[in-house]
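Asks: Can you read through this structure? Questions will come right after.
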Amino acid sequence: GTAVNTLRNVYEKVKDIDSAMTELKKVTELTESQYESFGKTAKRVADSVGGTISDTISAVADFSRLGYGIGDATKLAEAAIVYKNVGDGIEDIGTASQSIISTMKAFGIESGKAMFIVDKFNEVGKELPTAHSRRCA
């Protein structure tokens with residue numbers, strides 16, 4: 001019943017986190033203690049922006065793959081999670097990360113301004129339905 005479903009959900013979450021950590025380890029060269037410390041950071045980030053630990057780790061791996069250090073990659077991941085939560089049509093963390101990466105490259109925006117991108121995406125998303133309804137009226 002309920003207990004079995006709860007255990008299954010916990011197992012799936014642990015499996016997702018392990019899978020994300022495996023990907024992160026492929027693209028970074030941290031010590032085991034640094035990975036352990038990062039795990040705590042990932043939980044803190046996920047809790048603070050309403051994401052999952054596995055999404056946080058996956059996004060950090062995506063940004064690390066592009067050459068960002070773990071600190072910058074973590075800040076970018078935080079922005080990607082916020083974008084996933086507020087962006088219309090953003091189904092997964094990979095899509096959110098890719099949108100931020102593309103925008104940063106297109107406009108030469110540095111990693112420290114990633115939340116600026118999310119804010120602008122959000123503003124445009126809010127304005128589009130209004131502009132569309134005005135044109136159609």
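Asks: Going toward the positive end of the dipole of the chain, with +1 on Lys and Arg Cβ and -1 on Asp and Glu Cβ, which of Met21, Ala59, Gly39 do you reach last?
Replies: Result: Ala59, furthest along the dipole toward the positive end.
Asks: Could you give the longest part of the chain that holds none of the GluC sites (Glu not before Pro) found in DSSP loops with at most 10 neighbouring Cβ atoms within 10 Å?
Replies: 30-90
Asks: What full-extension length gain, to one decimal in nm, is calculated for Glu91 and Lys105 as 0.36 nm per residue of separation minus the Cα-Cα distance?
Replies: Gain in length upon complete extension: 2.9 nm.
Asks: Two decimals is fine: what is log10 I(q)/I(0) at q = 0.14, 0.22, 0.28 Å⁻¹ for the range 1-44, from a Debye sum with one equal scatterer on every Cα and no solvent?
Replies: So the normalised log intensities are -0.42, -0.77, -0.99.
Asks: Another question about this same structure. Suppose R0 equals 22 Å. What FRET efficiency, 1/(1 + (r/R0)^6) with r the Cβ-Cβ distance, do Thr41 and Asn122 give to the nearest 0.05?
Replies: Approximately 0.35, to the nearest 0.05.
Asks: Which values of log₁₀ I(q)/I(0), to two decimal places, follow from the Debye formula for the chain at q = 0.10, 0.14 Å⁻¹ with a uniform point scatterer at every Cα?
Replies: Calculated log10 I(q)/I(0) at the listed q: -0.38, -0.67.
FYI, it's all coordinate maths here, none of it is from the lab. A quick note: this is a predicted structure, and the numbers were derived from the prediction, not measured. A quick note on method: Cβ atoms are made from the backbone with ideal geometry, for glycine too, and the neighbour counts reach across all protein chains shown.
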